[in-house]
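The values are calculated or read from the model by the stated rules, or taken from the named source; none is laboratory data. These figures come from a predicted structure and were not determined experimentally. Virtual Cβ from ideal backbone geometry, glycine too; neighbours counted across all protein chains shown. For the accessible areas, the whole protein counts, side chains as well, though only heavy atoms, and no ligand, DNA or RNA atoms are used. Shrake-Rupley method; radii C 1.70, N 1.55, O 1.52, S 1.80 Å.
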Amino acid sequence: MRDKYDFTAIESKWQKIWEEENAFTTTDDQSREKYYVLEMFPYPSGKLHMGHVRNYSIGDVVARFKKMKGCNVLHPMGWDSFGLPAENAAIKHGIHPFTWTNSNINDMRDQLKSLGLSYDWDREVATCKPDYYRWMQWIFIQFYKKGLAYKKDNPVNWCPDCQTVLANEQVVDGCCERCHTPVTKKHLSQWYLKITDYADRLLANLDDLPGWPDKVKSMQRNWIGRSEGAEVTFTIDGSGKDLVVFTTRPDTLFGVTYMVLAPEHPYVKELTAGTEYEAAVNAYVDACAHKSELERTSLTKEKTGEFIGKYAVNPVNGEKIPIYISDYVMMDYGTGAIMAVPAHDQRDFEFAKAFGLDIIPVVDVPDVDLDNLTEAAAAEGIMINSGKYTGMNNKDAIRKITEDLEAAGKGKKTINYKLRDWLISRQRYWGTPIPMVYCEKCGWVPEDEKNLPVLLPTDVEFTGKGDSPLTTSATFRKCTCPKCGGEAEREIDTMDTFLDSSWYFLRYCDAHNEEQAFDPAKVNYWMNVDQYIGGVEHAILHLMYARFFQMVLHDLGLCEAEEPFKNLLTQGMVIKGYTDSEGNYVKAKMSKSLGNVVSPAEIQAKYGSDTARLFILFAAPPEKELDWSDEGVEGSYRFLNRVYRLVFEYIESIRGDEREFAEPVCSNEADKSLNYMLNATIKKVEEDAGGRFNFNTAIASIMELVNEMYKYKQHAEMNLPLFNKAIETLLTVLNPFTPHLTEEMWNQLGHEDRLYAKSWPVYDESALVKDEIEIIVQINGKLKDKFLMPNNSSKEDTEKAARELEKVKEATEGKNIVKVIVIPNRIVNFVVR
RNA sequence: GCCGGUGUGGCGGAAUUGGCAGACGCGCCGGAUUCAAAAUCCGGUGAUGGCGACAUCGUGUGGGUUCGAGCCCCACCACCGGUACCA
């Protein structure tokens, strides 16, 4: 034998065998308990990085473990293969996006296979292929028919670099999520999905997802941003027009001293047209329009605005108050207009100070000097200066005033959400064509479902400039109206790729269906996903869109499950230390620009895939950041070689002997101890890897077993049946983590069957019952001594034995034992004074 | 501001139900093996004091509950993530 095992030969050998044996092909076996484990499918960039390896190693352990536990496991993989990089490659290198994407998929599939991941490759999907996007288009049409897709002319987020619009969720700190270019506003007619119709359900259902991390749920709650309040109707003096505002503080209505409209508010033009205020107001509106999202939402800047020359009438007291415009009011939240209460709202306070407006306190907030306010008093208190509401608790006043407004037809209770409808049009080529047709006579009409897919044309020019590249096709645009048969034009924008990834988990259940998107019966067998695994960066975007889709498809009667992912595990990033330009050692996410990247390929070449998997699972619990350490990888490799030598030496030692072993009999302490250890390991790995997904501690316990076996081999008299059982248990429990080496050793032991197909071992409860238990002895809660007692000794016997101990006698001598706490099989604590 | 999370040796991290703090691994120190080295095997490794058995201290800080607190409660500090002129 050799010191080190030949991972290159072993790994490729078993990957080939698994493929030939269709080891991980899944069938819809209704008689067995199903388990659907899914990792977020990758964008086919062409190169696997450590984040992928971590994500897929976690999923693979879960899949292999559940399979051994007897579940019918669905573990598929595919490609989120539409998107900008393919198009950029086309612009830069003149390669067609399809060619580029396809070659990347092939490269990446090989890399995934080289990791020994147990995927059912028969169910592979690629969102850029017509057999997938055909059904994407079909689903879009169902949304449209249900009134959940609409086209609207709106100011939208525009990335000047990507030359496309972005969804709200894709704007991070005022910049494009992809390229970090500051986002500008543009007026465009675009397709939207009505996710706001589902805001309430998206929020409420979060409470029914105990298997999701609190962090993700709280991020989604923040994003949906529910707030309860009231709509209040003011009238504009002299015009007879109503001005509706949203407020969460109707209790402060008596403190309203002015109103503010968003600069984009439709009333602004009509109310100022032909007046002396028109010029100044127009100038202000213009200036706002040219500001970026970033400038406009900056909190630090001074309040600005313009008086528009009109007054509103307060519905509760008839007071006339001036109307302003200011960019601190947003057109797309609430009604685009606010009632301003400077005494109790900080932004209004700042504006009032800047414009010399009245500040009238109406809530007496404890410990605040209302006559000399230096900032707004936003806390709770007792109503003052508020007519008949004076003296009430302000919380009660909120309810009462809302009721009274409602009775007077001047307002109503309202719930507002920050969530906006999902803008899905993209001015790009490499995406699913939106299957809509514009007819002069009939307006927007969905393509006839019989004609799907609407194929992406190939005669397209990629310049990276101007409109959607689809406009350059000679054939694509012209079509006939599905309704009247007249001449019509196709939509030339494509869909946001986040639509593609919002239902791929359903397509896996029935990946090759040519009649429908998926067979509901199959989906109902497999869904929901029992365990979903991916990066936390998708906490809002992908995970909320997918939930939205699942709900709509449920409402359409296409699937029973209302939530797609029962349990969610968000794995942490892979980070690595490096020395920065100032000579400091810092840790950061692996990135090319920092030069702290370790490629999976180099690790696989040096140590093999089993080592890469083992290290990445051992170094940290899955949801935490993983600090990459070259020495740590070395250690994992060392451990696998230790396993290899242990098993190989054993095989050599029994060469030629009878291989059939009877159930071991443990006669001495060393045997009992090893037997205890091997059963405890089964239990521990089962709980840690299969239950709470703490793979690091599962692996640690396997390492302990190996250490114990080395000691046994060296010191104890060899009990062959027992040692054989330990060897086989070791290989079995280690198999989900490092499938190649363990499968090879299993085979070398002379077994004809396969480890991947074996059942998870059942641990022997009786072996876990120890004859003697170590009891902890404390004096005043501090550890003093330990001693052995027969298992399940009585309270009395335990206390008696503890009192006999030398150290206890010493410590209690001349002192008063006030109290003795005895927990049998665990602890004795003497309270001494 | 609001919401969520984290804080334990030189390092990554254990401690699952309030009961031995530091499992396992890395690093380091020592020993065996070797002509020598690598590899491997064995042992040690929280801090302070002591030759030593041992003693004292120790889980971000301060308090509390308890026979007993890394874990529970109160107050605070630091860091990380989300969200935000959202009315």
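Data overview
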| item | result |
| --- | --- |
| Cross-chain or 6+ apart pairs with Cβ under 7 Å, segment A:291-308 first and under 24 Å from A:Glu177 (Cα atoms), then modelled with pLDDT of 90 or more and near RNA strand B (Cβ under 9 Å from one of its atoms) | A:Arg296/A:Asp327 |
| Some residue of segment A:824-832 being open to solvent by 30 Å² or more (accessible area, probe 1.4 Å), in contact with a Phe, Trp or Tyr (Cβ under 7 Å, 6 or more places away or on another chain) and within 11 Å of RNA strand B (Cβ to nearest atom) | no |
| Residue in segment A:569-586 that is hydroxyl-bearing (Ser, Thr, Tyr), within 30 Å of A:Val685 (Cα to Cα) and either touching a strand residue (DSSP E or B) at 6+ places or on another chain (Cβ under 7 Å) or in contact (Cβ under 8 Å) with a residue 60 or more places away in the chain (or both) present | yes |
| Qualifying positions in segment A:328-359 - part of a loop (DSSP other than H, G, I, E, B), touching a residue at least 40 places away in the same chain (Cβ under 8 Å), of a type outside the set (Asp, Glu) and more than 10 Å from RNA strand B (Cβ to nearest atom) | A:Pro342, A:Ala343, A:Leu357, A:Ile359 |
| Matching residues, segment A:351-397, being farther than 28 Å from A:Ser326 by Cβ and β-branched (Val, Ile, Thr) | A:Ile382, A:Thr390 |
| Helices (runs of 4 or more DSSP H) contained entirely in segment A:47-133, each with at least 3 residues that are closer than 30 Å to A:Phe462 by Cα | A:84-93, A:97-114 |
| Some residue of segment A:649-661 being assigned to a helix (DSSP H, G or I), open to solvent by less than 30 Å² (accessible area, probe 1.4 Å), out of contact with any Cys (no Cβ under 9 Å at 6 or more places or on another chain) and closer than 18 Å to A:Tyr710 by Cβ | yes |
| Test for A:Thr235: is it within 9 Å of RNA strand B (Cβ to nearest atom), touching a strand residue (DSSP E or B) at 6+ places or on another chain (Cβ under 9 Å), polar (S, T, N, Q) and touching a residue at least 60 places away in the same chain (Cβ under 8 Å) | no |
| Members of segment A:797-816 that are more than 15 Å from A:Lys784 (Cα to Cα) and modelled with pLDDT of 80 or more | A:Asp797, A:Thr798, A:Lys800, A:Asn816 |
| Subset of segment A:11-46 [loosely packed, with under 14 Cβ neighbours inside 10 Å, part of a loop (DSSP other than H, G, I, E, B) and modelled with pLDDT of 95 or more] | A:Glu21, A:Asn22, A:Thr25 |
| Top-ranked residue in segment A:130-144 [being under 26 Å from the mean Cα position of the chain (by Cα) and not aliphatic (A, V, I, L, M); ranked as farthest from A:Val53 (Cα to Cα)] | A:Phe143 |
| Any hit, segment A:476-483, residues being open to solvent by 20 Å² or more (accessible area, probe 1.4 Å), closer than 28 Å to A:His96 by Cβ and among the charged types (D, E, K, R) | yes |
| Failed condition for A:Lys152, given (1) of a type in the set (D, E, K, R); (2) part of a helix (DSSP H, G or I); (3) farther than 30 Å from A:Pro739 by Cβ | (2) |
| Filter result for the condition that a residue is of a type outside the set (Ser, Thr, Tyr), more than 15 Å from RNA strand B (Cβ to nearest atom) and surrounded by 14 or more Cβ atoms within 10 Å (Cβ to Cβ), over A:Gly318, A:Gly387, A:Gly309 | A:Gly309 |
| Count - residues of segment A:542-572 that are assigned to a helix (DSSP H, G or I) and crowded, with 20+ Cβ neighbours inside 10 Å | 11 |
| Filtered residue count, segment A:698-731, keeping only those that are more than 10 Å from RNA strand B (Cβ to nearest atom) and either among the aliphatic types (A, V, I, L, M) or in contact (Cβ under 8 Å) with a residue 60 or more places away in the chain (or both) | 12 |
| Residue within segment A:277-291 that is open to solvent by 10 Å² or more (accessible area, probe 1.4 Å), within 11 Å of RNA strand B (Cβ to nearest atom) and among the charged types (D, E, K, R) present | yes |
| Candidate set: segment A:497-533, residues that are among the polar types (S, T, N, Q) and part of a helix (DSSP H, G or I); chosen: the one farthest from A:Tyr133 (Cα to Cα) | A:Asn524 |
| A:Leu271 modelled with pLDDT of 95 or more, within 25 Å of A:Val232 (Cα to Cα) and either open to solvent by 60 Å² or more (accessible area, probe 1.4 Å) or part of a helix (DSSP H, G or I) (or both) | no |
| Given (1) more than 47 Å from the chain's Cα centre (by Cα); (2) within 16 Å of RNA strand B (Cβ to nearest atom); (3) open to solvent by 50 Å² or more (accessible area, probe 1.4 Å), number of the condition A:Asp785 does not satisfy | (3) |
